[in-house]
Amino acid sequence: MGYRSANLPLEELLPHVMRAEDQLARLDERARRSPVTSGFIERGHFFDAAASMWVAGELVHVEDLVLHDAHMDVRAPTHELVIAHSILRTRRRIAAAEPGWALSDVGLATLRGQSGDVHPAVPGEGNLHAQHDDDDVDDHEAVDPLSDEFAEFDAVLARSERVLTQHAAAPPTAVSVKGKERDPLVYDQDWDEAERLARWQELVSDTAGVPPSLAAALAWEEWETLEPLQRQHWLGAQLAASILRSERKVGTHLLGINAGLKSISRERRRSPVRTTRLTAFLDALSSAAEAGMKELDRLVQAKDLMERRLRNRRSSSSLPSVIELVLSRPLVSAAMIAKEVKISPRGALNLISELGVREMTGRGRYRAWGIT
């Protein structure tokens, strides 16, 4: 075991670890075989983003987040809503990448906003002209009078690729922004994010060999203690979920840990006793897994009920597309359906009435529907 197990009260932690491991394995297997996995994953992003704000003490309505994500806000977005949408986009980015990407140096730098999407140069691509020898270049010049200009462009692109590759391979300290370069009204100049993040990464590397749920708990607890980032404290739970995904404990999706943390009292989550904080997180994993399995059952049942409406319908009907959209969002509006399915708003209302889904908002003009 890579982590210093002597420092852990294993007798107290093991029952919680075993329960979390069992529940997470069951959730992953259920999600792997479920016919509604894609909708379950997308809905989970919305629920976890709203739950992350709730854990932080802020209230963001899921329906406002869905409409904001669809660029159909009914009012000016609040600061909390913008942060929740940032969490939503971060979850999607992590889920779309390789399992261990978020925990890598490049992934952390990208999620912190310290570097753009950087991809290493692929041999044999992007610098074809530079690979020709002198004889080939001479032959090409004889045919193409613009070969010199093209060669210069290729040389610049090749140099740029080398610089970007080196930049991507550099540790976070190479791309971090020093405190003195930041606005002192927004950032604490004595807050060394690079040093704190390096300490957190060291702990994550030390947890190699421990059960994935315990490794995620240790990473989350250390993140809460160190607070590496001043403006993205919510990133810790997403990185803990990335550990579960990279260890293949929950390989089908990015677990919504904050949805489980909502069920844990603040006194346990913020306890001064480290063991209490660890057991609280492990119980949150179990709670999130249980909620996920219930959500899968609910979506499967809703899918079966709505697909009964497809009987005796023509093959060109837009109703199957509407069903998929309803299953992938906590709620949908007529405008969202019209935009996604490429039909008129009136047609969207007709399809919604045929499905028999529940109206969620009751706002009159801004009506939205979802699965009960």
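The values are calculated or read from the model by the stated rules, or taken from the named source; none is laboratory data. The shown structure was predicted, so the numbers you read here are calculated from the model rather than taken from an experiment. Reconstructed Cβ throughout: ideal geometry from the backbone, glycine too, with neighbour counts over all protein chains shown. We work out accessible area using only protein heavy atoms, side chains counted, and drop any ligands, DNA or RNA first. Shrake-Rupley method; radii C 1.70, N 1.55, O 1.52, S 1.80 Å.
A few comments on the model shown:
- Accessible surface of the range 217-372, 1.4 Å probe, proportion on carbon and sulfur as whole %: 44 percent
- Cα-derived Rg over Rh, computed across the range 210-322 with Rh taken as Kirkwood radius: 1.17
- For the range 42-82, alpha-carbon Rg over 2.2 N^0.38 Å: 1.07
- Annotation: amide H of A368 within the under-5 Å range of M360, T361, G362, R363, sequence separation 5 or more or interchain, hydrogens built in the peptide plane.
- Å² per residue, accessible surface of the range 296-372 at 1.4 Å: 57 Å²
- Placing unit charges on the Cβ atoms only, positive for Lys and Arg and negative for Asp and Glu, gives the range 304-372 a dipole magnitude near 240 debye about its Cα centre.
- In terms of the mean number of neighbouring beta-carbon atoms within 10 Å, the peptides 238-246, 312-320 order highest first as 238-246, 312-320.
- Dipole magnitude of the range 249-372 about its Cα centre (Cβ charges: Lys, Arg +1; Asp, Glu -1), debye to nearest 20: 340 debye
- Dipole magnitude of the range 209-317, debye to nearest 20 (Cβ charges: Lys/Arg +1, Asp/Glu -1, about Cα centre): 660 debye
- In the range 1-114, a dipole from Cβ-located charges (positive for Lys and Arg, negative for Asp and Glu) runs towards its positive end, and of L65, T78, I94 it is I94 whose Cα lies farthest in that direction.
- Per residue value of the accessible surface for the range 33-117 (all protein chains in place, 1.4 Å probe), Å²: 43 Å²
- Stokes-Einstein D (µm²/s) once Rh is taken as the Kirkwood radius of the range 270-363 over alpha-carbon pairs, at 37 °C in 0.692 mPa s: 207 µm²/s
- Cross-link pairs K249/K342; K303/K342; K294/K342; K249/K294; K262/K339 - those with Cα-Cα distance over 30 Å: K249/K342; K294/K342; K262/K339
- Normalised convex hull volume, the range 1-97, alpha-carbon set, Å³ per residue: 161 Å³
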